[in-house]
Every structure is written in structure tokens, then in C-alpha cells.
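Taking it in order: structure first as C-alpha cells, then the write-up.
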Amino acid sequence: MQKIIVSDTPHVRSKLTTKRIMLDVIIAIVPALVAGIVFFGGRAAFNVAIAVVSCCLTEWIWLLIKKVPVKDIFKKFDFTSIVTGLLLALSLPPLDYKYFYIPLLSGIFAVGVVKMLFGGTGKNVVNPAVTGRVFAFISFLGAMTSGWIQPAFGSISGEVVTGATVLTDMLAGVRPTLSNLDLFLGTGVTGCIGETSKVAILIGYIYLVVRRVIKWQWPVIVVGVTGLVGVLLNGCDFTLFLPYILSGGLIYGAVFMATDYVTSPANNLARYIYYVLMGVIIALLRKGTGIETVSFAILLMNLIVPLLSLHVRPRPFGSVPFGVLVKEKFAKLGKKGGKAE
Amino acid sequence: MKITKGKRFSGGTHIPDRKELTADIPIEIMPSPDIVAISLSQHIGKPSVPVVNAGDMVSVGQLIAAEGGFVGANVYSSVSGKVAAIEERYNPNGTKSNYIVIENDKNDWSAQPLPEMEDKTAGSILQRIRLAGIVGMGGAGFPAAVKLMPKQAVDCLIINGAECEPYLTCDYRLMKEKTDEIHTGIMLLAKALKVNKVYIGIERNKPDCIKAFSEYDDITVVDLKKRYPMGSEKHLIYSCTGRKVGLGKLPADAGAVVQNVATAYAVYEAVELNKPLYERVMTVSGKGIIHPKNLLVRNGTPLDMIITYCGGMRDDSAMMIAGGPMMGPTMLSSNLYTTKTTSGLLVTTSDEVDMSGPTPCINCGRCAEACPMRLQPMLIDFYAQANDFEKAAKYGGVKNCINCGTCAYVCPAKRSIVQSIMLSKKKLAEGGK
Ligand code: SF4
Ligand code: SF4
């Protein structure tokens, strides 16, 4: 006879685990990863490998220093560091091999400082991958803004974009020469490893929705609001809507970074407000700075999450209906007014 | 033929019901045990007061303890024999209460338990329900008669046939085998409550019961989606009538009184057969039980005797649960006894129950989405862990929690949210708030 166990209710639990969710996120990233490697070749693969290894090693070494038994480290490994490494690397430009220290250091920063220092999975305030990218951007500005290379597939429309990315051109007032189809497929588009091929990201998005890791509305709100506000800020030219949302890291950030559980509000009401605000901020920052600002915007928004999740909550089942509440308030005001007269 | 579809409430979740273990097994009468220990606290309210002494001879259906106050219930002997002792023993949830221990002489000798009823007016039915010691048999054990005398005017009676806890099939078998009797009991309840609107809510996984009850013209069958916690009073009322019970209010404030099908059956027995409540149907299930069964057991039957009667436990049994797996407490030993509210005894193997232990909350929001009360379970858990129970109440809404466990069920991090909830409630109550 085995030991009889006592535990708290409920004794049956759903099969879903944190690990399984993280595995789903990894699977969802795979198409963007493959697209990045196909487009940008060895450099892309190199960057990704360094970032993932750096993230995982940082977590393990941190735990070793904290004297967590090795057995536990492996048992408790929940794949989040792999996700962080992948997301971080895919949001970097296809950097030259000589810049190997950029993904390495950003990985250490992302996991070591942003996640482990705050207490590990679930305790971080800001998104590790996003912050890692911002860290890289600020620390290695030169390398981060000049490492663009042409993808393996040229544009279908035959145009060649040189130098800066499509988005920076567009924000500077230059109409994009690449077709929307090019922007969607990523052909001929210079940019970060995982951000260029929107179709690959979309496959990941559909997978996440089907697996119920995220709700379909989440990224749609971010992208939609950003696009709308962006168009309004840029002279109400609606032909810019598609190029505006298809260029840069918006879709990538909206699907993979903004949907991160830990750094967004847990209840859906607050979450929707959060995404609308995020969209507005992205568009404003893009306008204000003239460069891609998705990661900065997400980072900023991460900081107000605690506020949102505490103060924007649905009303419990059986609360006085909102309409009645308002009516009662008015009735009271009326009475008070009456007395005063 | 009146069947309506239940109204959908937000939250809740689908849980594999695992009722197939016992759903097709007819109710079997468990032979009376050698000894019974009958609790004096089988209901919510004041403990009952013994009216027999150690050494007395009692008969089946004899009053052995009288209600200890308005919110209280009479207790009857379930066997004939000698009162061996009146002493403290453990309850399944780990607390202690007084028990009347009776040695069974197996004569099953029974004096005429309750007098014949002269008329069946609302008042006399109420009186009989009270006399027979009937309590809510779905779980809480609130004295049925008290519930039938609400302070507010009510206009409908709702019968709970949802049986949303996994594994349990005792209500299902009762509805299937005793349809007419339950119907009679329901109409008696309606008469006592003086209402004409009667609903019976049955989950869709029991289509035969839905059909069976739709044959009666005087009740409306509500075809409920299979969704946990459908059997929660507040959510059942909403599903059947569309009315919401206000926060901190009673069902009667929404004009409804809810009773369970097993209670309706007990009412039938008390009124028509003059039989007080001293036995009930329960489900003995789980993969750890060799022969899962639906049993008619006498009040106070030792659980280990029930397990032995069902062929014993498998060697790899891991957990014993009193009631269903969502809300029932686990038990360390089977040296415990059935009561009026014991709806199930589960012995599960380790692959049936979750024992993986908690990992850090990833703030995914699944708990909040699944909470039928629309609370913020992750905040309750967070603040309870941080010993800040005021905030658990303010931001998490723990005071409105119905302890259903849906949040913990869906949690991918397997947080012990219910434990945090219980702790918060306890601390808040101690704080005098
Ligand atoms: S146990 Fe409480 S907090 Fe959890 S789902 Fe049920 S009502 Fe909501
Ligand atoms: S379901 Fe679990 S992991 Fe998700 S927010 Fe709730 S407590 Fe946290």
C-alpha cells in the first residue's frame, strides 16, 4: 500500500502545465526562426544559438550560485529561458559574427538581471527578451543600427532597399517602394532576424490561438490600434495603413512580446485596455523618434501593468448592475439637492 | 413536456466527469454494519442534543438526538441495538465532534418511527420535514425546513440535479431509479414553500434524467450545459431563472430556494412513508476501489467497512476523498463515518489525482477567466502568500469566493489557490471583519 496522501482541494487538475505552454510558445516561434535562417543564413542561426545558450546558462549558473541542487534545477527548468533566448535573438539584426558578444551579453542581461534578480519565472516586472533587446540597442547602438543585410530572396516587385529599414524610411516621410506583398513575405526586406517575414509570424500566431495560449484579440488590438493611430498621425493617408503595420517589428512584438503573461495584466478587461494603450504609445513613439519603438513601448507599458491589474477588475458575479448603480447615485444626488433647497 | 435550456454564466470550466465508473451500476443496499457512529454535527448550525444515554437500547428510526436550536436537526438511529458510548471522534475534514456509537444487534427492529400525517398542508409538511431531521443533502447540510421558511417572499423552487462534481453518480442513480418518488417529494417541497414555479436543473450528461423529468407537466426541466460549478446555488439559480443572487445575499433574495434531488427524495420518504432520515445513497468510486458502487448506506457507517464491502482498495491507492474530488477533503484514515451529507467516498490512484505541487504563478489569467464569481484568484493567492489578507479581500475579492476550486483546477502552475483562499477567509474572520 502506497502512502495515503492528504492535500488541499481540488484533487483533480487540468493537464495543462507551465512547461506545456512554454513548449507551445517555442513551437510557435519555429516558423519565424526558420524564415530568419532561410533569409539571413548562418548569421541568423549563429545569433540565435548564442542567445539561447546564454539565456539558459545564465539561469542555471544563477541557480547553482544560489546552491539549488542540480537535480532540482533540471526538474524545475520550465523552458522560459529558451523562449527568452529565442525571442531576444529574433529581435536582433542579423549581426556579423564578430559581434557575438551582443547576443551573449543581452542574454545574460535578460535572464540574469531582468528575470533571476527579481526572483525567477513569474516574478519579473518587465519582459526579459524585450529588455534584453533594448539593452543591446542602447549599449551597442552602432552595430544594432547598421547590421542590415539583404535577405536571400529579393523583392518580388524588383525594388532594392538599401541602408536603413523600410520603417525608418517611411517615418522619415519616404513612401515605401516595396509592395505590401513583399513586406508580408519578407522578400527583399531588411530588418531583424525574426521580424521580417510576417507570414511566418502569422503561422505562429494561428498556432498560439488554436492552442489557446493567447486569445486572437490580443495581438490584433495592438496592431490595429497602432495602425490606426499611425495613419492619423501621418496625415490620415489610409494607403499607409498596411505598410505601417507590416514594416518593422510591430507584428512580431504584438504576437510574441506583448502577449507574454507575466508582464501583462492577468484579467482580460485590464488586458484589453493595456493593449489599446500600447498601440497608442507605439504609434506616438514611432512618430516622435522616427525609428522603430515597439520594444521601448512594450517596456514602458510593462511598468504600468501592476497598476492596471490591481485597479481594473471585472465586477464580481452578482454585483449591483452598473446601470442601477449609476441610477442610485443620481437618485441620491437628487435627494441631497432637494434637502438643500 | 417542458424543457428549457439553461442560461450560460461566465466562467466555469469543463472537467472530465469520470462518472462512467459507477453510472450504470444500480443502487445497492449495503448490509447494516456491526457498529455505527452517528455524528451530532451533521448539519450547519447548533449540534444536536442526545436524548439517549450509553447503555440504552434503541430501534431503527428512533430519535437519538434532538435539534439544538432553530437552525438544527433531529438525528435518528440507523440500526437497532445498544448505545455503547457518546464520545468525541474525528470528522472527515479533520475536526472533531460528538458521536453516538451504537452496537448493532442486527435485528433491524423498528418501532413505528414517525406518526401518520393527518393532512398535507404547507404547515404540516414543513413540520414533518423538520421532525424527520432532513438537511440539504447535496453538501452543506443546511436544515431543509429552515431554508423552506425564508424571510422574503419567494416565487420559485429549484431542484439541483446538476451533480457537477466528477465521479459522483448517487443523484443520477436516484433520479433514474426513483423518478416518481422524487417528483412527489419535489411537489411536497413546492407545497411547503407555497410556490407554483418549479425547476429541476440537470446537466446534459444525464439525458435520460432530463427526459424522465420532462414527462411531468408541473415542473420545468432545465437542460444545463456540462460546466463546473453548475451545482453552485448562485449559478444554478442564474442558469434556471436568469436571476443573479446579489453579493452577500441569500438565494431567497433572488426569490428562489434551492434543494437537492436527494433531499426531495428524503422528503418523499418522510411524508409518504413516515420514515425519518437515517440512510442515504452514496457513490463509492475511484480507480483505487476494486468494485465501485452506488450504495444505500445507513447513517454512521464506518468508511472502512464500506471499502471492504466494495472489494477493498488497490495497492497503489494514493488518496481517499470524502465527497467529490473538487471540494471534498482528503482523509488520512478510513476510520471515519458517513453522515447525512456524505455523497461520495473516493479512493483514487496516483494517476487520477494531481500531486505535482505548485510552480510559480505565470500570471496567465486562466484562473480569473474561469472563476464563476469573476474574482481575481491570482491576486488572492499572491496576497495570501504575502500575509496581506486585507488586500486579498480588496483586490482579489476573496469574501465572495464560493470555494468551488475552478481556479485551481485550470491553473497551469498548479497553485494551491484554494488553500490560500481558506487561509485568507480564516484570517479575515479572525480579524473580526
Ligand atoms: S474557488 Fe473562489 S476564486 Fe476560485 S474559482 Fe471558485 S469562486 Fe473563484
Ligand atoms: S491560473 Fe495559475 S498561473 Fe495562471 S494566473 Fe492564475 S494562479 Fe497564476
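The values are calculated or read from the model by the stated rules, or taken from the named source; none is laboratory data. Being a predicted model, the structure only gives us computed values, none of them experimental. A quick note on method: Cβ atoms are made from the backbone with ideal geometry, for glycine too, and the neighbour counts reach across all protein chains shown. The accessibility values were calculated without ligands, DNA or RNA, using every heavy atom of the protein model including side chains. Shrake-Rupley method; radii C 1.70, N 1.55, O 1.52, S 1.80 Å.
For the reader, a short list of remarks on this structure follows.
To keep it simple, each residue is scored yes or no on (1) at positive phi; (2) away from ligand 1 (no atom under 16 Å from the Cβ); (3) touching a residue at least 60 places away in the same chain (Cβ under 8 Å).
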| site | (1), (2), (3) |
| --- | --- |
| B:M319 | no, yes, no |
| B:T330 | no, yes, no |
| B:T341 | no, yes, yes |
| B:L346 | no, yes, yes |
| B:S350 | no, yes, no |
| B:M355 | no, yes, no |
| B:C367 | no, no, no |
| B:P372 | no, no, yes |
| B:P377 | no, no, no |
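- Checklist (1) part of a loop (DSSP other than H, G, I, E, B); (2) away from ligand 2 (no atom under 14 Å from the Cβ); (3) open to solvent by less than 20 Å² (accessible area, probe 1.4 Å) applied to B:L375, failing item: (2)
- Reported count of residues in the stretch B:319-356, each being at pLDDT 85 or above and of a type in the set (G, A, S), is 6.
- If you go through the stretch B:19-77 and keep only what is touching a residue at least 60 places away in the same chain (Cβ under 8 Å), surrounded by fewer than 18 Cβ atoms within 10 Å (Cβ to Cβ) and farther than 30 Å from B:E203 by Cα, you end up with B:P31, B:D34, B:I35, B:F70, B:V71.
- Positions within the stretch A:206-224 being surrounded by fewer than 20 Cβ atoms within 10 Å (Cβ to Cβ) and part of a helix (DSSP H, G or I), in sequence order: A:I206, A:Y207, A:V209, A:V210, A:Q217, A:V220, A:G224
- All conditions but one from (1) outside any loop (DSSP other than H, G, I, E, B); (2) within 17 Å of A:V294 (Cβ to Cβ); (3) open to solvent by 10 Å² or more (accessible area, probe 1.4 Å) apply to A:E195; the one that does not is (1).
- Among the residues of the stretch A:64-85, those that are at negative phi, in contact (Cβ under 8 Å) with a residue 24 or more places away in the chain and not acidic (D, E) comprise A:T80, A:S81, A:I82, A:V83, A:T84, A:G85.
- The requirement of being more than 16 Å from ligand 2 (Cβ to nearest atom) and either among the β-branched types (V, I, T) or more than 14 Å from chain A (Cβ to nearest Cβ) (or both) is satisfied by B:P207.
- Within the stretch A:24-45, none of the residues are open to solvent by less than 20 Å² (accessible area, probe 1.4 Å), within 22 Å of the chain's Cα centre (by Cα) and within 7 Å of chain B (Cβ to nearest Cβ).
- Of the residues A:F317, A:F256, A:F322, A:F241, the single one that is crowded, with 18+ Cβ neighbours inside 10 Å and more than 16 Å from ligand 1 (Cβ to nearest atom) is A:F256.
- Check on B:V347, over 30 Å from B:L40 (Cα atoms), away from ligand 2 (no atom under 16 Å from the Cβ), among the aliphatic types (A, V, I, L, M) and not in a helix (DSSP H, G or I): no
- Taken as a whole, the condition of being within 14 Å of B:M373 (Cα to Cα), open to solvent by 50 Å² or more (accessible area, probe 1.4 Å) and not basic (K, R) applies to B:L247.
- Any hit, the stretch B:384-404, residues being part of a loop (DSSP other than H, G, I, E, B), in contact with a helix residue (DSSP H, G or I) (Cβ under 7 Å, 6 or more places away or on another chain) and more than 9 Å from ligand 1 (Cβ to nearest atom): no
- B:K340 passes every criterion in (1) in a helix (DSSP H, G or I); (2) buried (at least 24 other Cβ atoms within 10 Å of the Cβ); (3) not β-branched (V, I, T) apart from (1).
- Any hit, the stretch A:302-311, residues being open to solvent by less than 20 Å² (accessible area, probe 1.4 Å), closer than 23 Å to A:G230 by Cα and without any contact (Cβ under 8 Å) to a residue 60 or more places away in the chain: no
- Of all residues in the stretch B:392-433, those satisfying the criterion of being closer than 24 Å to B:E163 by Cα, within 11 Å of ligand 2 (Cβ to nearest atom) and in contact (Cβ under 8 Å) with a residue 60 or more places away in the chain are B:T406, B:Y409, B:V410.
- Scanning the stretch B:85-130 for residues that are over 30 Å from B:S333 (Cβ atoms), at pLDDT 85 or above and buried (at least 17 other Cβ atoms within 10 Å of the Cβ) yields B:I125, B:L126, B:R128, B:I129, B:R130.
- Among the residues of the stretch A:1-19, those that are open to solvent by 40 Å² or more (accessible area, probe 1.4 Å) and within 7 Å of chain B (Cβ to nearest Cβ) comprise A:M1, A:Q2, A:I5, A:V6, A:S7, A:L16, A:T17.
- The residue pairs whose first member lies in the stretch B:177-196 and is under 17 Å from B:A132 (Cα atoms), whose second member is open to solvent by 50 Å² or more (accessible area, probe 1.4 Å), and whose beta carbons are closer than 7 Å, counting only pairs six or more residues apart or on different chains, are B:T184/B:E272.
- Within the stretch B:269-312, the set of residues being among the hydroxyl-bearing types (S, T, Y) and either assigned to a strand (DSSP E or B) or in the same structural domain as B:E163 (by TED's automatic domain parsing) (or both) comprises B:T283, B:S285.
- Considering the stretch B:347-359, the residues that are over 24 Å from the mean Cα position of the chain (by Cα) and open to solvent by less than 50 Å² (accessible area, probe 1.4 Å) include one that is farthest from the other protein chains (Cβ to nearest Cβ), namely B:G357.
- Scan of the stretch B:157-190 for residues that are among the hydroxyl-bearing types (S, T, Y) and either open to solvent by 10 Å² or more (accessible area, probe 1.4 Å) or assigned to a helix (DSSP H, G or I) (or both), ordered by number: B:Y172, B:T179, B:T184
- For the stretch B:407-431, filtering for residues that are at the interface with chain A (Cβ under 9 Å from one of its Cβ atoms), open to solvent by 10 Å² or more (accessible area, probe 1.4 Å) and not in a loop (DSSP other than H, G, I, E, B) leaves 4.
- In the stretch A:133-144, the residues that are in contact with a helix residue (DSSP H, G or I) (Cβ under 8 Å, 6 or more places away or on another chain) and in a helix (DSSP H, G or I): A:R133, A:V134, A:F135, A:A136, A:F137, A:S139, A:A143, A:M144
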